[in-house]
Amino acid sequence: MVQVIKKNNQLQDVLIDKRVGFVPTMGALHEGHMSLVEESAKRGLFTVVSIFVNPTQFNNKEDFELYPTHLERDVAMLEKTGCDIIYTPQKDQIYPEDLVMEVYDHEFYPVDSVLEGKHRPGHFKGVAQVVHRLFEIVKPQYAFFGEKDYQQLAIIRLLCKKLSLPIEIIGMPTIREKNGLAMSSRNERLSEAQKEKATLLYKSLCYAAESFATKQPQEIKDSIEKHFSSDDEWELEYFEMVNPDTFETIDSNATKHARALVAATLGKVRLIDNMKVTSHEV
Ligand code: PAF
């Protein structure tokens, strides 16, 4: 049986002298999360999964309120993987009243100022805050994040660098449904028909990767924007091809390193995805 722990001091007692692999989550787990847990267990690490829906990273109240939660189902899924501890803190454990924390306002410029940073004001500030706090509590040697949140992964690497934290950050590939849709807790809010329609994100990214050798970024972008605008149920927030280190938009296909990132709302559900578009990317 996996132990479920709610309190920081109890967790810290259990973690004494352990080599910890940490998988922070907001619950509503899916195979993408499981791949992170399995990787940690495969490396022989004592694997801690946290489940905490962090209010400070939601720039939209409705999105926070509608964020799916299924603790029992999550625990049952984690029982079947190599998870050792499930940490399910209440807000007072993460943000006690007397907590004084660094405020990560535009601390990771330019990475936090574009794409998700621009479209979800305050989002990365909240992510950096909670991840810093979780790292402080769990003190892992390794932490695992999905590449689905590619920009988040970059921010977390920058956070560790800034704070000189001795934590190895491992980015793991996006896990997809058979039709290409990237797994996400938010997919639960899509109807079956929308789940099929949502493959437009994946198809757009594939198109960008396939066309990059022969078409300029602007041409690719125009064509993708046209597809989204032909259906009223979609609202495209951005489709950009960027340098994967600086997140600056690239304007020529002569570049060796490029990643395409897309965010769009289908009905009421905001979805993101990304893919490398050059074969050279490291
Ligand atoms: O990716 C997520 O689920 C969240 O942003 C994280 C990293 C758990 C912080 O709340």
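The values are calculated or read from the model by the stated rules, or taken from the named source; none is laboratory data. Here the structure is a predicted model, which means the values were calculated and not measured. Positions of Cβ are backbone-derived with ideal geometry, glycine not excepted, and every protein chain shown enters the neighbour counts. Accessible surface is based on the protein model in full, side chains and every heavy atom, while ligands, DNA and RNA are left aside. Shrake-Rupley method; radii C 1.70, N 1.55, O 1.52, S 1.80 Å.
One residue stands out among those in region 13-34 that are open to solvent by 20 Å² or more (accessible area, probe 1.4 Å) and within 17 Å of the chain's Cα centre (by Cα): the one that is farthest from the ligand (Cβ to nearest atom), which is GLU31. The residues of region 127-150 that are closer than 18 Å to ARG270 by Cα and either within 9 Å of the ligand (Cβ to nearest atom) or touching a Phe, Trp or Tyr at 6+ places or on another chain (Cβ under 8 Å) (or both), listed by number, are VAL127, GLY146, LYS148, ASP149. Applying the condition of being out of contact with any Leu (no Cβ under 6 Å at 6 or more places or on another chain) and of a type in the set (Gly, Ala, Ser) to region 120-150 and asking which residue is surrounded by the fewest Cβ atoms within 10 Å (Cβ to Cβ) yields GLY122.
For first residues located in region 80-104 and closer than 15 Å to PHE52 by Cβ, partners that are open to solvent by 40 Å² or more (accessible area, probe 1.4 Å) and part of a loop (DSSP other than H, G, I, E, B) and lie 6+ apart or on another chain with Cβ distances below 7 Å form the pairs THR88/LYS6; PRO89/LYS6; GLN90/LYS6; GLN93/LYS7.
When the residues of region 232-278 are filtered to those that are farther than 29 Å from GLN194 by Cα and hydroxyl-bearing (Ser, Thr, Tyr), the one that is most open to solvent (accessible area, probe 1.4 Å) is THR249. The residue that is nearest to the ligand (Cβ to nearest atom), among those in region 151-166 that are open to solvent by less than 20 Å² (accessible area, probe 1.4 Å) and without any contact (Cβ under 8 Å) to a residue 60 or more places away in the chain, is ILE156.
The set of residues from region 170-188 being of a type in the set (Val, Ile, Thr) and crowded, with 18+ Cβ neighbours inside 10 Å comprises THR174, ILE175. Those strands (runs of 3 or more DSSP E) of region 165-282 in which at least 2 residues are more than 19 Å from the chain's Cα centre (by Cα), considering only elements entirely within it, cover 234-242.
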